[in-house]
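The values are calculated or read from the model by the stated rules, or taken from the named source; none is laboratory data. Quick caveat, the model's predicted, so the values are computed rather than measured. Glycine gets a Cβ as well: all are built from the backbone with ideal geometry, and neighbour counts include every protein chain shown. Surface accessibility is based on the protein's heavy atoms, side chains included, excluding ligands, DNA and RNA. Shrake-Rupley method; radii C 1.70, N 1.55, O 1.52, S 1.80 Å.
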Amino acid sequence: MTTNKILIINGPNLNLLGKREPDIYGAKTLAQIIADVRVKADELNAEIDDMQSNSESEIIERIHQAMDDGTECIIINPGAFTHTSIALRDAFLSISKPFIEIHLSNVFAREAFRQRSFLSDIAVAVIAGAGAHGYELALQAAIRHLRD
Ligand code: DQA
């Protein structure tokens, strides 16, 4: 059976999950979310690498690395960079690997500035509002995309 190599990137302020606005983002820490997704990945025969950074440049560097480190698909919660970063968009266009955009909250039901994304139209899929479970959904969508 094929093992798919998937990279999960979490952007700014997501290191504070569990403490940060739990009514919006839930009670789970990022470490718990990643641990849960790794259990699912084992079941689905996928290999996960993950990183969190508050720095746009570090995230861009990691996306560049994904060009030739065997990564097949990226799952990214870009945090607020979703709504601001043309540089992230250009990084994804540069590496031309499939990616899935994920948000814990339903960004479309929030402030107008959160309803614009510089990434959604070039993503394979966008998952928003499913909370921490969205990471598992994103993993399933990534694997389905790679295996179909
Ligand atoms: C978020 C939504 C963004 O608007 C916000 O800036 C975040 C988290 C989410 O997961 O719901 O940091 O990406």
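Observations on the model:
- Exactly one residue out of Arg116, Arg110 is surrounded by fewer than 18 Cβ atoms within 10 Å (Cβ to Cβ) and in contact with a helix residue (DSSP H, G or I) (Cβ under 6 Å, 6 or more places away or on another chain), and it is Arg116.
- Applying the condition of being open to solvent by less than 20 Å² (accessible area, probe 1.4 Å) and touching a helix residue (DSSP H, G or I) at 6+ places or on another chain (Cβ under 6 Å) to the stretch 31-40 and asking which residue is farthest from the ligand (Cβ to nearest atom) yields Val37.
- Scanning the stretch 5-26 for residues that are surrounded by fewer than 15 Cβ atoms within 10 Å (Cβ to Cβ) and away from the ligand (no atom under 14 Å from the Cβ) yields a total of 0.
- The conditions of being outside any helix (DSSP H, G or I) and either open to solvent by less than 10 Å² (accessible area, probe 1.4 Å) or of a type in the set (Ser, Thr, Tyr) (or both) are not met by Thr82.
- Within the stretch 101-125, residues that are at pLDDT 95 or above reach partners that are more than 8 Å from the ligand (Cβ to nearest atom) and acidic (Asp, Glu) with beta carbons closer than 7 Å, at six or more positions or on different chains, in the pairs Ser117/Glu101; Leu119/Glu101; Ser120/Glu101; Ala123/Glu101.
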